[in-house]
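Q: There's a structure below that I have some questions on.
Derivation of every value follows stated rules applied to the coordinates shown; laboratory data play no part. Since we're looking at a predicted model, the values are computed, not measured. Ideal geometry is used to build each Cβ from the backbone, glycine not excepted, and the neighbour counts take in all protein chains shown.
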Amino acid sequence: MAETGPTPRRVVWITTDHMRFDCVAAYGNSAIHTPNLDALAAGGVNFLNCFGQNPVCMPSRASFMTGLYPQQTHVTQNGHCLPPEFRPTVASVFGAAGYETAQIGKLHFQPHENHDLDPRPRHTYGFDVFWPSEEKGCYEDAYMAWLRGRYPQHVDAFRIPRPTSAERMAWETPAPHVVEAPWQASQAGWVVETAERYFAARPGGRRLVHLGFYNPHPPLNPTREAFAPYEGAAIPSPRFGEDEWAGKPEPLASQLRRRSGWSEADLLEYRRSFYAMVTEVDLAVGRLVDWFRADGTLDDTLIVFSSDHGDMCGDHRMTHKGCFFDEVMHLPLILHWPAGLGTQRRDLTGLVEMVDLLPTLLGLCRAAVPDVMAGRSCAADLLAGHTPDGREDVFAYHGAGQAMLRTDRWKYLRYEPQGTEVLFDLSQAPPETTDRAVDPACAEVLAEMRQRMLARSLAASRSPLPRPHPF
């Protein structure tokens, strides 16, 4: 247990889905409208080089919500379920520390296709309160039940096809699907209103609440208010070269060809709607912060803002996720807790992994960090006002037999069973376009990165299971 000191009365962990690092205006993108996230960043700790451990939803979430790597949770790609009895989880460790734990919105420890057709209770993974909404309009879930009662006139406007349906594939086009309804009726609106009701009903005690926003995950259907800042506005064009897949090994070459049929205008419209989906989250965050301020609890609330992975948004002529480009792996991470971390902006530039976040939150709450967790806590440095040491490298793994190792300068990718590898010099412009693995001048760097990935892969495969016998 950490030494005594101030602890947050509430921990509110906000996660988005698909939100990349540069989708916060405070980080240098003046084209995106995020005034409420900017305010959190201006008064909080910003991890400017935070990277995820997997490029898709389920394994990334299972990793950072357990403090373990994907190989250790055995959730390495979408469709793998975290076992309901798995420990540690965010709920089990905060529950042991005396916090009531609540899940509102998207968790995604289990596949959600057709879950509303299954009459069995959902696994709650140790949360005391469990109000899930894994999608935003295709299931008869908590969100849709609320929408029918709160905004019955807008139910049809927010309907979207089921994830694996042919209709959903047809829906995923660059053309904007702007919803003519107030943003408060969106899934983001439901998450924040439900959080307010939860806190109003439980004014005392210590609480850990995870708020899972589906935004800005496609399909892109922003509300009119969220889309308004971008309608007709200039936004940065996607960055890509012609035929970037040429000379790249498989499967990277195939990934780069996925949107080869889309025009630059198509990719730009995708990005425009994506930005609007981010702004919808920002509106919800602003409403929640205002509620805490009016309630007099903002200073004692640790607000955590993060994402599971990013979206290519047209860069490298790609959209969505599933690859190791920085657009997918580089994530926003903000900690805002005035009573414990101060109110001055602190920008940390060292390399951090998302797997480090849960141990850090436990440390900030003066709670025990299980020895089995692989992540590193930087809580002591943050509380002391020091700058934590960054990692020498960050590691990610995808169950399709793909892995990434990234330093400040180099990124090494390995693909099995193809046995292919890619090396990017991140100091080169444009970034992540020229494969240096075939360059004899980089042979020593390639060999070093290969060895470092082997070491990280072995360390990340250490079993979290307890040892039941002494032999």
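Q: Within 10 Å of each residue's Cβ, count the other Cβ atoms and sort R462, R87, R207 from fewest upward.
A: R462, R87, R207
Q: Can you compute the charge dipole magnitude of region 80-143 about its Cα centre, using +1 on each Lys and Arg Cβ and -1 on each Asp and Glu Cβ, nothing else charged? Give it in debye, rounded to the nearest 20.
A: Computed charge dipole of region 80-143: roughly 220 debye.
Q: Taking Cα pairs under 8 Å and at least six residues apart, what relative contact order does the chain come out at, in percent?
A: 26
Q: Still on this structure: Hey, can you list the DSSP H helices of the chain whose Cα span along the axis is 30 Å or longer and whose average Kyte-Doolittle score is at least -1.0?
A: 264-295
Q: Take every Cα-Cα distance within region 10-391, group them into 10 Å bins from 0 onward, and report for each bin the whole-number percent of pairs it holds.
A: 5, 24, 36, 26, 9, 1, 0
Q: Calculate how many DSSP beta bridges within the chain are antiparallel, expressed in % of all such bridges and rounded to the nearest 5.
A: Rounded to the nearest five, the antiparallel share is 45 percent.
Q: Could you count how many Lys pairs in the chain have their Cα atoms under 26 Å apart, skipping same-chain pairs fewer than 8 positions apart?
A: Here the count comes out as 6.
Q: Could the peptides 254-264, 140-150, 57-67 be put in order, highest first, of the mean number of other beta-carbon atoms found within 10 Å of their residues?
A: Descending packing order for the listed peptides: 57-67, 140-150, 254-264.
Q: Whole angstrom only: what separates the Cα centroid of region 404-451 from the Cα centroid of region 284-337?
A: 29
Q: While we're on this one: Can you grab the distance from the C-alpha centre of region 125-180 to the C-alpha centre of region 79-122, Å, no decimals?
A: Cα centres, region 125-180 to region 79-122: 20 Å.
Q: Give the distance, in whole Å, between the Cα centre of region 1-50 and the Cα centre of region 209-273.
A: 23
Q: Also, quick follow-up: Using Stokes-Einstein with the Kirkwood hydrodynamic radius over Cα pairs, what translational diffusion coefficient do you get for region 270-324 at 4 °C and a viscosity of 1.567 mPa s, in µm²/s rounded to a whole number?
A: After rounding, the answer is 96 µm²/s.
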